[in-house]
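The values are calculated or read from the model by the stated rules, or taken from the named source; none is laboratory data. What you are looking at is a predicted structure, and each value in this text was computed from that prediction instead of being measured. Here the Cβ is made from the backbone with ideal geometry for all residues, glycine too, and neighbour counts use every protein chain on show.
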Amino acid sequence: MSYDTVVVGAGLAGLTAALRLSERGQHVLIVARGVGATHLAPATVDVLGYLGDTQVASPAASLPGLSNGHPYGHVPVDQLTTALAWFCAHTAALGYAGGPGENLLLPTALGVPKPSALAPRSMAGGDLRAGGRFVFVGFKGFKDFHPTLIAANLARARLPLSIEARALELEPPPTRRGDLSGRVMAGRFDNEQLTDWLVHALEHRVEPDERIGVPAVLGLRSDAPWQELEKRLQRKVFEVATLPPSVPGIRLFQALSAALRSGGVRMVFGVTAVGARINAGRIEAVEVANATGTHAYPVTSVVLASGGFASGGLELDSFGTTRETVFDLPLSGLPEGHRVRFAPRYFDEQPLATAGVATDDLLRPVDGSSRPVYENLHAAGAILAGATPWKEKSGTGISVATGYAAAEGILVPAAAPVSEAVR
Ligand SMILES: Cc1cc2nc3c(=O)[nH]c(=O)nc-3n(C[C@H](O)[C@H](O)[C@H](O)COP(=O)(O)OP(=O)(O)OC[C@H]3O[C@@H](n4cnc5c(N)ncnc54)[C@H](O)[C@@H]3O)c2cc1C
């Protein structure tokens, strides 16, 4: 069967591109080895949190300050604004709040205020910018979430207005499940009326002017337990992102997948895109391998959204050579020479941080002469060169913005010359 577009990857970038293309009438196939970082990262859309060492208050106003070659350089601010509004509209069940004009400041599980452009309504109430009184609630036995640490770190954090924060630790009803992971806790909120227990546990222990932060485990199926909790407690309740897995991220994946399925998009998981059939500078078919062999899907266009090193879109071998794993595209942002060295500390500036594929303004990967490698290949998300998402706090924003822009690049094709080298 042939498709208008094959999207490689089911992370935020691939899901965004596929949804935009399908709503514009395209017949789309997503092929993915597995789910992407949605299941690990908070469900916020972080457009730009830091420019150098300076915290960003307005992503839209700060984007022009980014260096040449940054992925946002191919997404004009008005298109980014459109992409975020589109994203909010297509995830209406999660009620995203915010926009590119102002960053919210949301507490992390370590009690660090993190700038995010968009947050699901279940998290947005944690915005620290207005100051006030907060109580952070932990569940005994639930790993890697320490309300005392969150409260202590936030009390020391530099914030626009001062806050007061305290901690409460509650003992959930016993369960035979030994491992209280985020998924297990969220399942208990879906299936065991844990909301009732939490309402009763909190109603006489929280002051009327306190906002209540709980681990982001209030239901895997939807945010209905959060809605009920806020309604019954008659106070602002908000979810605080946990360490992986990310329950709000899974809800986001489910919301986007449901929209894709109802738009007729086919999603095939557990397969690996391994190459392409090329003719006259165009990809004619994407080759996809599974346990039984390799299948070629004829296509008109392709979106490469295979992620960075973490998801296998990029690979570094034991000889120090970095490669793009599906189409062997030219890479940009690599350190000089081919000897890769890592900086000694994790949060140091890492030499490979900006590695990826460089593109033209239609998000088509380009060669060393800035010409598209294949006329009908577009790229989006963490595979792109030029960003330092961990430092900038921009990873999810880049995925939504470039996923949308790559789809637009396909919908409005332009005839640009294709690299001679690959004809
Ligand atoms: C733990 C964690 C926390 C994070 N926290 C934040 C945060 O707070 N803020 C922020 O902005 N960003 C954060 N990020 C980064 C952010 O999640 C990513 O930058 C972004 O989601 C990347 O999306 P993507 O779609 O480009 O790639 P990914 O989500 O990595 O998805 C890549 C997809 O491609 C598939 N794939 C790869 N190779 C192939 C192949 N050959 N064939 C078929 N499929 C393939 C994978 O299976 C996957 O489906 C975090 C990431 C992690 C892991």
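Checking each residue in segment 293-310 for being at pLDDT below 95 and either loosely packed, with under 14 Cβ neighbours inside 10 Å or under 25 Å from Glu408 (Cα atoms) (or both) picks out only Ala310.
The listed residues are Leu66, Leu19, Leu29, Leu84, and the only one of them that is crowded, with 21+ Cβ neighbours inside 10 Å, under 23 Å from Arg364 (Cα atoms), more than 17 Å from the chain's Cα centre (by Cα) and within 16 Å of the ligand (Cβ to nearest atom) turns out to be Leu29. Filtered by the rule that a residue be touching a strand residue (DSSP E or B) at 6+ places or on another chain (Cβ under 6 Å) and either in the same structural domain as Thr81 (by TED's automatic domain parsing) or under 17 Å from Val56 (Cβ atoms) (or both), segment 98-114 gives Gly98, Asn103, Leu104, Leu105, Leu106, Thr108, Pro113, Lys114.
The residues of segment 359-372 that are assigned to a loop (DSSP other than H, G, I, E, B) and either crowded, with 24+ Cβ neighbours inside 10 Å or among the acidic types (Asp, Glu) (or both), listed by number, are Asp360, Asp361, Leu363, Arg364, Asp367.
The residues of segment 396-415 that are of a type outside the set (Val, Ile, Thr), crowded, with 22+ Cβ neighbours inside 10 Å and under 23 Å from Leu329 (Cα atoms), listed by number, are Ser399, Ala401, Gly403, Tyr404, Ala405, Ala406, Ala407, Gly409. Consider Arg345 against the criteria (1) more than 30 Å from Ile410 (Cβ to Cβ); (2) charged (D, E, K, R); (3) within 16 Å of the ligand (Cβ to nearest atom): it satisfies all of them except one. Which criterion is unmet? Answer for Arg345: the failing condition is (3). Report yes if Phe136 is in contact with a helix residue (DSSP H, G or I) (Cβ under 7 Å, 6 or more places away or on another chain), under 19 Å from Arg251 (Cβ atoms) and crowded, with 18+ Cβ neighbours inside 10 Å, otherwise no. Answer is no for this residue. Ala285 meets all of the listed conditions (1) of a type in the set (A, V, I, L, M); (2) at pLDDT 95 or above; (3) near the ligand (Cβ under 10 Å from one of its atoms) but one, namely (3). Looking at this structure, is Leu29 of a type outside the set (Lys, Arg) and either assigned to a helix (DSSP H, G or I) or outside the structural domain of Tyr404 (by TED's automatic domain parsing) (or both)? No, not satisfied.
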